[in-house]
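**Q** My structure is below; once you've seen it, I'll send some questions.
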Amino acid sequence: MNYFNKNRLITIVLVALIVVNVVALITIATKSRIFSGDRSPKIERSMKDRDSFRERGERFSRVMSRNLGLSEEQQAKMDELRKANHEEMKPLIERMDTVRKQFNAAMGKREIDEIEVIKLNNEIVTLDGQIRDNLFEYNLGIRSLLNDEQLEKYLEMHRRRTRGGEGRDRGERRRGEHMNMINGIY
């Protein structure tokens, strides 16, 4: 290879590397809004919908009562269970929202404080575990109120609800596998 061909090859390689770096920087700049706390309107709506957590629980309770044919006594116990669960879950969910915002803000900084990010991540994991435990206990409480026929209907409702649906982006969620342990299905 002569001198001019080597220079041309080096120039082409350098231009290609510069193009790749520019594309990477544009991609990072575009995606960085995820860490800066900016959220799309859809995500903001979903966060506001968490305020309707109690209303969703009440609606779920009405649907359960209608579909499972709960007695008045069962319905009263279900309402009591739902209200107790709501009281336990509300502070956990509020704290989770706060910590996630702090985590996203910390990750959005140019210089990341690793200790802070690790602490926030650990708190998110802990809160997530507490929320899952609470949901598990709530599910067990519901199941304890039902007779065999109602339990079968409940499990079928749960399977249909967790089998898929719009907005589910993970394969396990589309298949409902994440709920199998809660439902006692292995």
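What follows draws every value from the coordinates through simple rules; no lab data is involved. Quantities reported herein were computed from a predicted structural model and do not represent experimental measurements. Every residue, glycine as well, gets a Cβ built from its backbone with ideal geometry; the counts of neighbours run over all protein chains shown.
**Q** Order by neighbour count: Phe103, Phe60, fewest other Cβ atoms within 10 Å first, most last.
**A** Ranking Phe103, Phe60 by Cβ neighbours within 10 Å, fewest first, gives Phe60, Phe103.
**Q** Let me ask another. Given a Förster distance of 30 Å, report the FRET efficiency between Val125 and Ala76 from their Cβ-Cβ distance, rounded to the nearest 0.05.
**A** Rounded to the nearest 0.05, the efficiency is 0.25.
**Q** Could you tell me the distance between the Cα centroids of segment 63-108 and segment 119-153, to the nearest Å?
**A** Here the two parts' Cα centres lie 10 Å apart.
**Q** For the pairs Lys90/Lys153; Lys90/Lys119; Lys83/Lys153, flag any whose C-alpha to C-alpha distance is greater than 25 Å.
**A** Among Lys90/Lys153; Lys90/Lys119; Lys83/Lys153, the Cα-Cα distance tops 25 Å for Lys90/Lys153.
**Q** Now, a different point. Which FRET efficiency, nearest 0.05, do Glu149 and Ile93 yield, Cβ-Cβ r, R0 25 Å?
**A** For R0 = 25 Å, the calculated efficiency reads 0.15.
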